[in-house]
Structures are given as C-alpha cells and as structure tokens.
C-alpha cells in the first residue's frame with residue numbers, strides 16, 4: 001500500500017481544489033485600485049487547516065499564484081509524510097528529485113514551482129533519518145552539503161532541521 005503524495009507535491013491546480021479561497025482588500029501601494037478591488041487572496045488548505053495569503057500584486061490572479069506557492073512552501077515545512085511505502089521495497093527518490101539531482105548536485109531555484117515539492121521530499125527523508133544529512137543524502141542520491149544548501153535556500157527549513165537536531169542533542173547545521 002503506498003502513502004498519499006505530500007500536499008506540497010500537488011500541482012497548483014490540484015492543491016487549489018483542496019483549498020477555500022477568499023478575496024479581500026488590503027492597504028498599501030497600488031493606487032486607488034487597491035482600495036476599490038478585492039485583489040488580496042487568502043487560501044486555506046482544508047485537509048490541514050494551513051493558510052497562506054498574498055496581496056502585493058495588482059491582480060487577483062497574480063496574488064492567487066503567489067499564495068499557492070506560499071501555501072506549498074508552508075505545507076513542505078509543516079507536514080511530514082512517511083517517505084517509504086511501508087513495504088519491502090527501499091525508498092526510491094521521486095522522478096522530480098531524480099531530474100533535479102544529477103551527480104549528487106541539486107539544481108533548483110528557490111522561486112521555481114518545483115522547489116516546495118523538493119523541499120518536502122528532503123525534509124521527509126531527513127525526518128526518517130533522525131535529521132542526519134549524511135544518511136538522508138545517501139538515501140536521496142545527493143551529498144550532505146547539497147542537502148544542507150537546499151535547506152539554506154529556505155531559512156525556515158534550516159531552522160526546522162536545526163530545532164529537531166537540537167531536540168536530539170545534535171549540533172546545528174551551518
């Protein structure tokens with residue numbers, strides 16, 4: 001029996017179908033249009049209750065896309081899923097991970113749509129390997145330094161890993 005996909009790995013459209021959408025007005029730059037039109041977007045993921053919002057863009061569509069990306073990042077940080085299916089097969093990195101990790105190097109821009117999915121996979125494997133980047137990197141086919149670099153691309157991910165490591169009596173990752 002396989003485990004369901006991590007919600008951060010869902011496509012933006014699939015994730016949006018699991019969310020409640022609310023448009024509202026926000027103060028700030030943007031001229032008169034800002035105060036007359038509800039361009040700010042708040043998304044709440046029904047299965048987890050996590051939410052994200054965006055209001056810095058001029059259109060509701062742009063704010064929706066930004067809020068979805070922020071929600072995917074938040075899901076990557078706050079939701080842990082077992083990486084192994086629980087069967088006799090060892091864990092195999094996802095196709096996305098395999099495409100983005102070549103020769104041990106992880107190639108991704110933190111602003112790219114694939115970033116939350118990769119981050120969620122890395123954090124899930126780290127959690128299953130007692131937050132040890134060497135063991136997790138070995139499972140993922142990467143290097144420990146590349147895995148830590150991926151965490152540094154999202155400072156909240158590095159803080160999360162370091163908090164968990166401190167709880168286990170381990171030193172912080174630099």
Can you confirm whether the stretch 102-119 contains a residue that is loosely packed, with under 14 Cβ neighbours inside 10 Å, without any contact (Cβ under 8 Å) to a residue 60 or more places away in the chain, over 17 Å from the mean Cα position of the chain (by Cα) and on the phi < 0 side of the Ramachandran plot? yes
Expected single match for in the same structural domain as residue 40 (by TED's automatic domain parsing), assigned to a loop (DSSP other than H, G, I, E, B) and surrounded by 14 or more Cβ atoms within 10 Å (Cβ to Cβ) among 70, 58, 64, 74 is 58
Mind telling me which of the residues 138, 146 ends up being assigned to a helix (DSSP H, G or I), without any contact (Cβ under 8 Å) to a residue 40 or more places away in the chain and surrounded by 14 or more Cβ atoms within 10 Å (Cβ to Cβ)? 138
Kindly evaluate residue 51 against the criterion of being in the same structural domain as residue 142 (by TED's automatic domain parsing) and surrounded by 14 or more Cβ atoms within 10 Å (Cβ to Cβ). no
Looking at (1) outside the structural domain of residue 24 (by TED's automatic domain parsing); (2) surrounded by 16 or more Cβ atoms within 10 Å (Cβ to Cβ); (3) more than 26 Å from residue 173 (Cα to Cα), which one does residue 83 not meet, given that it meets all the others? (3)
Candidates 125, 108 - the one that is outside the structural domain of residue 51 (by TED's automatic domain parsing), in contact with a helix residue (DSSP H, G or I) (Cβ under 8 Å, 6 or more places away or on another chain) and in a helix (DSSP H, G or I): 125
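Being assigned to a helix (DSSP H, G or I) and either surrounded by 15 or more Cβ atoms within 10 Å (Cβ to Cβ) or in contact (Cβ under 8 Å) with a residue 24 or more places away in the chain (or both) is the filter here; which residues of the stretch 149-174 pass it?
Once the filter is applied, which keeps residues that are assigned to a helix (DSSP H, G or I) and either surrounded by 15 or more Cβ atoms within 10 Å (Cβ to Cβ) or in contact (Cβ under 8 Å) with a residue 24 or more places away in the chain (or both), the stretch 149-174 yields 149, 150, 151, 156, 157, 158, 160, 161, 162, 164, 165.
The values are calculated or read from the model by the stated rules, or taken from the named source; none is laboratory data. None of these values were measured; they are calculated from a predicted model. Glycine gets a Cβ as well: all are built from the backbone with ideal geometry, and neighbour counts include every protein chain shown.
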